[in-house]
Every structure is written in C-alpha cells, then in structure tokens.
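The block underneath contains the structure these notes are about, expressed in structure tokens.
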Amino acid sequence: MIAALPLPESQRQGLLRLMRLRGEPAAVLYQLEQLLGPCLLLENLATTLAALAATAAAQGVSLSFDPTFQPHYALYDGLVMKVVCRGGDSAPVEIASGGRYDALVGRFCGPAGQATAAGMGFSFAVEPIRELLDATASAGSLASPVEGPILVAYGQASQLGLALDQLDALHSQGKAAELLSSPCASALAADEQAARRGCASSLWIA
C-alpha cells in the first residue's frame, strides 16, 4: 500500500496521482511532465504516439495511454500495448497485446550484438474474438450470411503494386478481400485458386 510507504507526504501524493493517471495520450504526457520534469523518454513517447494517432483515427481506434500498465509476463523492456474491444453490452475485452522485448532478444545475440538487439511482437486472443463475433451475430448485427472474401490476383510480378491498391480499395469499401501471393496465368486460374481457398470470387488484374 502506498499509504504505508515511509515517504514524505508530497512523494506519496505524487505516487497516488501517478497510479490514477491514464487517458488521452497528450493529456497524460503533460501530467507526467509536470510530475517528472522534461526528459527524453517523454519526448520519444510523444513522438511515437503522435505517429500512431492518424492511423488509429482512420481505423476508428481510440488511443489511451496508461503509464502504470504492466503485462502479465516480464518479457518486455519497452513500450507495451493492448487492444480492447467492446461488443454490444459486454464489458471491455482484451483481444491483443504485445510490445518491445529488446533485452530478451539480446540474450541470444552474444556480447557483440546485445547493444543493437531489437525485438517486437504481439498476439491475438482468438477465443475472446470469436465470442465477440458470435455475440454480434446473435444480436442481429449480421443480417445476411457472411460470404467468402474476394481473391485479388494478378498476371505479372510487376502488377503487385496495382493488386495491393485494389486490395486497399476493396477494404475501404468494407469488403473482405485477400491477396494471392504470386502471379497466376489467367482469370480462370484465379477463379480456381479462389475456389480452393474458399473465396466467393476472384478479381484478376491482367
């Protein structure tokens, strides 16, 4: 308990404020700077969060910064994150988490590589995601059966950029789509690939 720590009252109150600090990133960083003073770590955090803001907003994701957040496993030594969803009337559900673990990677690099070792990863919680989707479907949000995705295929390796643009356009329209990883010879071959992969149709770029 913080109240039982042998600290001056001002430090104890500062710790209590820190433990309650979370919310909109810019506001939290400002409060941290008031508590800790300007430092390079806070500047780097501000730069990272600002870089994420536009992408998150475009995807309808709200960013929240909690400087007291600690994951269950002591693997991480940098920025950590989790993705939380709310489905229907359910409580917030964590569906993904991860972060930086440079020191862990450094253990396998030997003395020469430890200084430059870098690692980052995340994992999805498959069962909670499935439960959220089932809850959404049972609530009537999915009025019609879900069709398979559209397979985006292309005839030449040089058309990969066009295929990626088409994939992005389909996603922007709210359509499920996936990309064939290598060129195929014809539209008929693309249809055959789509059938094997369980796709509803194919879109072949000649």
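Each value in this text was obtained by applying a stated rule to the coordinates, not by laboratory testing. The model shown is predicted, which means the values in this text are computed figures rather than measured ones. Because the Cβ atoms are built from the backbone with ideal geometry, glycine has one as well, and the counts that use them run over all protein chains shown.
Using the number of other C-beta atoms within 10 angstrom as an exposure proxy, rank Ser64, Ser202, Ser158 with the fewest first.
Ser158, Ser64, Ser202
Please list, ordered by chain and number, the residues whose modelled amide H lies under 5 Å from the amide H of Tyr154; skip anything fewer than 5 residues away on the same chain.
Amide H neighbours of Tyr154: Cys184, Ile205.
Among Ile129, Ile150, what is the fewest-to-most ranking by other Cβ atoms within 10 Å?
The order, fewest Cβ neighbours first, is Ile129, Ile150.
What are the DSSP H helices in the chain that stretch 27 Å or more along their long axis, judged by alpha-carbon atoms, and whose average Kyte-Doolittle hydropathy comes to at least -1.0?
Span-like helices, by this rule, are 40-58.
Taking the Cα centre of each part, how many Å lie between segment 18-54 and segment 109-132?
23
Under a GNM of the chain (C-alpha, springs under 10 Å), which listed residue has the highest mean-square fluctuation: Ala118, Ala163, Ala27?
Greatest mean-square fluctuation among the candidates belongs to Ala163.
Answer with one residue from Ile95, Ala4, Cys39: the one whose Cα lies farthest towards the positive end of the charge dipole of the chain, charges on Cβ with Lys, Arg +1 and Asp, Glu -1.
Ala4
Give me the one-decimal Kirkwood hydrodynamic radius in Å for segment 1-60, with the sum taken over alpha-carbon pairs.
After inverting the mean inverse Cα-Cα distance, the result is 13.3 Å.
Viscosity 1.567 mPa s, temperature 4 °C: Stokes-Einstein D of the chain from its Kirkwood Cα radius, in µm² per second?
60
Starting from the amide H of Ser97, placed 1.01 Å from N in the peptide plane, find each other amide H under 5 Å away whose residue is 5 or more places distant or on another chain.
Placed amide hydrogens put Val83, Ser123 under 5 Å from Ser97.
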